[in-house]
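What follows is calculated from the coordinates using simple rules that are stated; it is not laboratory data. Note that the structure is a prediction, hence the values are computed from the model and not measured. Note that we place each Cβ from the backbone using ideal geometry, even for glycine, and neighbour counts take in every protein chain shown.
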Amino acid sequence: MSTGATRSPVLVGANPGLRLYDGETLTAYVSVWRVDWSIHGRGTAIVLWRDGVVRVLGEDVELATWLERDFVRHFPEADGLAWPEPVAERQAVDVDIDLTTGLNARAEGLEIRMSDVLDRRTFATDSFLLGGVDHSLSLVLAPCRQASLTIDGDAVTGAPQVGGEPRRPSSSAFVAVAEVWCR
């Protein structure tokens with residue numbers, strides 16, 4: 001097993017995430033990607049879980065599928081979700097991230113918005129297990145109070161769960177930038 005100091009980068013970019021809840025019921029989970037560099041190239045992608053269906057969207061389907069397979073399905077946010085074989089869709093994904101205002105991400109028939117940034121803080125670990133493989137991760141995290149998901153013009157029911165302490169707020173809607181994954 002390598003340590004954080006001896007690992008090599010496999011991905012550099014941004015990975016905002018959103019879990020919407022109607023009360024305590026999860027209505028959707030979205031992982032948005034802007035990959036500036038990776039061992040599988042660069043580009044943008046969206047991985048969407050809703051009603052037991054997983055959609056993987058991106059112009060570079062190989063990159064988008066790698067993100068879903070090696071990262072998203074293993075994230076803590078996906079724990080406990082039925083995760084069937086994803087449906088890959090080749091289409092343009094536009095991702096606009098601002099640590100002051102939040103996120104706007106779009107693909108055909110799909111729009112994700114996050115706003116009301118609550119905080120900005122760093123996070124780093126040398127022990128982030130994904131699919132049995134240990135990774136190092138560092139990033140800047142910005143939890144958001146407001147978020148929405150629209151599919152084919154219809155707003156998905158739900159809101160982010162916001163909590164934590166006033167000096168360290170948390171949310172199931174967050175922007176994550178300056179993200180470096182190593183293994």
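Pop the C-beta distance of Ile151 and Asp116 into the FRET formula with R0 = 25 Å and round what comes out to the nearest 0.05.
E(calc), rounded to 0.05, equals 0.70.
In summary, the chain shows an alpha-carbon radius of gyration equal to 0.97 times the 2.2 N^0.38 Å reference for compact globular proteins.
Computed extension gain for Arg167 through Val140, at 0.36 nm per residue and net of the alpha carbon distance, reaches 8.1 nm. Across the stretch 10-70, C-alpha contacts under 8 Å between residues 6 or more apart give a mean separation that, scaled by the residue count, equals a relative contact order of 25 percent.
Grab the other residues whose beta carbon is less than 15 angstrom from that of Gly158, score K and R as +1, D and E as -1, and report the net. Combined, the nearby Lys, Arg, Asp and Glu give -2.
Report the extension gain between Asp22 and Glu85 in nm, rounded to one decimal, defined as 0.36 nm multiplied by the number of residues separating them, less their alpha carbon distance.
20.2 nm
Scanning the chain for GluC sites (Glu not before Pro) that sit in a DSSP loop and have at most 16 other Cβ atoms within 10 Å, the longest stretch containing none of them is 109-183. Ordered by the count of other Cβ atoms within 10 Å of each Cβ, fewest first, Tyr21, Tyr29 give Tyr21, Tyr29.
Compute, for the stretch 131-183, the length of the dipole vector about the Cα centre, with Cβ point charges of +1 (Lys, Arg) and -1 (Asp, Glu) only. Units Debye, rounded to 20.
With Lys and Arg at +1 and Asp and Glu at -1, about 280 debye.
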